[in-house]
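Undergrad: Quick one: the structure is below, questions incoming.
The values are calculated or read from the model by the stated rules, or taken from the named source; none is laboratory data. It should be emphasised that the depicted structure is a prediction, and the values quoted were computed from it without experimental measurement. Note that each Cβ is placed from the backbone with ideal geometry, even for glycine, and that neighbours are counted across all protein chains shown. Each accessible area value is taken on the protein alone, full model and side chains, heavy atoms only, with ligands, DNA and RNA left out. Shrake-Rupley method; radii C 1.70, N 1.55, O 1.52, S 1.80 Å.
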Amino acid sequence: MTEAVELVSGTKLPLLGLGTWQARGRAAADAVLRALEVGYRLVDTATAYGNEADVGQAVAESAVPRDEIFVTTKLPPSRAGRERATLEESLDALGFDYVDLWLIHWPPSGRARPDVWERMLELQAEGLAREVGVSNYSVRQIDELVRATAQVPAVNQIEWSPALFDRDVLEAHRERRVQLEGYSPLRATNLRDPRLVRIAAEHGATPAQVVLRWHLEQRIVAIPKSTNPERITENADIFGFELSPAEVEQLERLADAAQERPDEPSARRGQLS
C-alpha cells in the first residue's frame, strides 16, 4: 500500500494514513503498529494529542524502517512564538531527528500569523522538518502566508468528506499547489445513505471503504482514526477497486443534503475567506 501524491517540493505523501486523535498509551502504540503491519505508511499525531511518545515507540518497535514512514505532528496555536522549543519537544517525545511534516494546528487566535510561518520555514531549513504546512486554514489565510514569505504550505489539513465537499475549496488548493489532507473523513457523512450503500454493494465494499476510496479518487489524503485492529485493516483495504467518475459525482452530491452545523468553525472546512 504505497499510493502517494507528490507535494510541490517533490516529496511523496501517502494517500492513506492513520489518525491518532484521542488515542493514548499502549492503545495508541498498538494501533500504529497494526497500521504499519497492514501497509499504512502515514501516521498523524500532534503535540495536543499527548501521544507523540506512543507513536514514536510504535515506530521504533515496528519492522518498517523509519525512513519509509511519514510522520506528521502539529504546533498548537497556543505555542505560537515558541516554535523551536515545541518542535524540539516533539522530536524528543517521538525519538526522531526530524519529522516528515509539521503543521500549524489551527490559526493562532484565528489569524494567519506569517511570523509563525516564517519561523517554521527556518526550522525546516535546519532539517528538523522535511515539510511544513497548516491545518484548518482558509484559502485567504494561506494567501497571506504566501504574500509574506513567497513559500506555499505543502499541506492544508482540514475536515473533509463527501458531505463536506466544496469544489471551489478543492480547486483553490489545487491552483495554489497546496495538498488537501482530510481528517475525520468518515464522521460527517451518513454511512447509511442509500446512494452510498448502493455504490458500496456494487463494489463488494463497505460504505466506509467507499468514502475513503472517494478521497483517493480525488487525490486527497485521508487519515481515518481508529484503535480497533479490524477497523484499521478494513480501512486499508481500498486499493482493490476504483470508483467511476459517475460514482464520484454521486458522492459529491451528498454535500447538497448535508446540514450546516452553525456551531462549527467554517475554517475547519478550508473555507475560501
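Undergrad: ARG195 - would you say it is in contact with a helix residue (DSSP H, G or I) (Cβ under 7 Å, 6 or more places away or on another chain), touching a residue at least 12 places away in the same chain (Cβ under 8 Å), open to solvent by 60 Å² or more (accessible area, probe 1.4 Å) and farther than 22 Å from THR20 by Cβ?
TA: It is true that ARG195 is in contact with a helix residue (DSSP H, G or I) (Cβ under 7 Å, 6 or more places away or on another chain), touching a residue at least 12 places away in the same chain (Cβ under 8 Å), open to solvent by 60 Å² or more (accessible area, probe 1.4 Å) and farther than 22 Å from THR20 by Cβ.
Undergrad: Of all residues in segment 114-128, which are assigned to a helix (DSSP H, G or I) and of a type in the set (A, V, I, L, M)?
TA: The answer is VAL116, MET120, LEU121, LEU123, ALA125.
Undergrad: Here is a further query. Take the residues in segment 134-149 that are crowded, with 22+ Cβ neighbours inside 10 Å and of a type outside the set (A, V, I, L, M); name whichever of them is farthest from ALA188 (Cα to Cα).
TA: Ranking the candidates gives GLN141 first.
Undergrad: Also: Take segment 150-171 and flag every residue that is under 22 Å from GLN250 (Cβ atoms), open to solvent by less than 10 Å² (accessible area, probe 1.4 Å) and either outside any helix (DSSP H, G or I) or among the acidic types (Asp, Glu) (or both).
TA: GLU159, TRP160, SER161
Undergrad: For segment 99-113, which residues satisfy the criterion of being open to solvent by 10 Å² or more (accessible area, probe 1.4 Å) and either assigned to a loop (DSSP other than H, G, I, E, B) or under 21 Å from THR11 (Cα atoms) (or both)?
TA: Answer for segment 99-113, where residues must be open to solvent by 10 Å² or more (accessible area, probe 1.4 Å) and either assigned to a loop (DSSP other than H, G, I, E, B) or under 21 Å from THR11 (Cα atoms) (or both): HIS105, TRP106, PRO107, ARG111, ARG113.
Undergrad: Return the total of residues in segment 40-65 being more than 15 Å from ALA93 (Cβ to Cβ) and over 17 Å from the mean Cα position of the chain (by Cα).
TA: Looking only at that region, the number is 5.
Undergrad: Which condition number in (1) open to solvent by 20 Å² or more (accessible area, probe 1.4 Å); (2) closer than 26 Å to SER135 by Cβ is the one that LEU254 fails?
TA: The failed condition is (1).
Undergrad: Let me ask something else. Among the residues of segment 172-184, are any without any contact (Cβ under 8 Å) to a residue 24 or more places away in the chain and surrounded by fewer than 20 Cβ atoms within 10 Å (Cβ to Cβ)?
TA: Checking segment 172-184: at least one residue is without any contact (Cβ under 8 Å) to a residue 24 or more places away in the chain and surrounded by fewer than 20 Cβ atoms within 10 Å (Cβ to Cβ).
Undergrad: Testing MET120 on (1) within 20 Å of the chain's Cα centre (by Cα); (2) over 17 Å from SER9 (Cβ atoms), one condition comes back false. Which one is that?
TA: (2)
Undergrad: Need pairs with beta-carbon distance below 8 Å; first residue over 17 Å from ILE223 (Cα atoms) and within segment 67-80, second of a type in the set (Val, Ile, Thr) and assigned to a helix (DSSP H, G or I); sequence gap 6+ or separate chains.
TA: LEU75/THR47; LEU75/THR86; LEU75/VAL116; PRO76/THR47; PRO76/THR86; ARG79/THR47; ARG79/THR86; ALA80/VAL116
Undergrad: Out of the residues in segment 219-231 that are in contact with a helix residue (DSSP H, G or I) (Cβ under 7 Å, 6 or more places away or on another chain) and surrounded by fewer than 22 Cβ atoms within 10 Å (Cβ to Cβ), which is farthest from LEU33 (Cα to Cα)?
TA: The selected residue is SER226.
Undergrad: Only one of these conditions is not met by GLU131: (1) outside any helix (DSSP H, G or I); (2) among the charged types (D, E, K, R); (3) open to solvent by 50 Å² or more (accessible area, probe 1.4 Å). Which number is it?
TA: Here GLU131 clears every test but (3).
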